[in-house]
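Here the structure is laid out as structure tokens; the discussion comes afterwards.
The values are calculated or read from the model by the stated rules, or taken from the named source; none is laboratory data. If you're wondering where the values come from, they're calculated on a predicted model, not measured in any experiment. Don't worry about glycine lacking a Cβ; one is built from the backbone with ideal geometry, like all the others, and counts go over all protein chains shown.
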Amino acid sequence: MSFIIKQKRKGEMYSLKDVLTDIISEYKLENSFTIEDLRIMWSSIVGETIATHSRPDRIFKHTLFINTDHAIYANELMLMKDKIKKYIEEKYAYYNIKKLKFEIKRLNWNN
């Protein structure tokens, strides 16, 4: 979507859905929306206990990075890898997530 500056309007109306879709694709915000959606659904995917110690962080080159605050939870998530990938394939097939990587670091819950 490009904005036309200093040109006469054509008088056409666009739906909000079309405008938002164009803005999201132009600024490549799909990953951000997907990560936020995964964060919201995370406890139903992996369970309440593991969800309090982990969270999806980013998607890069068909890899979903998941942060955990301890190696034990990274190991548990590794055992659940197939379940997580199946959920993502069903809901976000267009991302073609091929790998899950787990990083152990302090979680910042304010983001």
Out of the range 59-69, which residues are free of Cβ contacts under 8 Å to residues at least 24 places away in the same chain and at positive phi?
Lys61
Tell me, which residue of the range 51-86 that is of a type in the set (Val, Ile, Thr) and under 18 Å from the mean Cα position of the chain (by Cα) is farthest from Lys105 (Cα to Cα)?
Ile84
Determine if the range 100-108 includes at least one residue that is at pLDDT below 90, of a type in the set (A, V, I, L, M) and either surrounded by fewer than 18 Cβ atoms within 10 Å (Cβ to Cβ) or over 18 Å from Thr34 (Cα atoms) (or both).
yes
Select from the range 70-110 the residues that are of a type in the set (Asp, Glu) and either in contact with a helix residue (DSSP H, G or I) (Cβ under 7 Å, 6 or more places away or on another chain) or free of Cβ contacts under 8 Å to residues at least 24 places away in the same chain (or both) and write down the one among them that is nearest to Thr49 (Cα to Cα).
Glu76
Qualifying positions in the range 45-70 - assigned to a helix (DSSP H, G or I) and either within 15 Å of Tyr92 (Cβ to Cβ) or of a type outside the set (Ser, Thr, Tyr) (or both)
Ile45, Val46, Glu48, Ile50, Ala51
Ile84 being in contact with a Leu (Cβ under 8 Å, 6 or more places away or on another chain) and assigned to a loop (DSSP other than H, G, I, E, B):
no
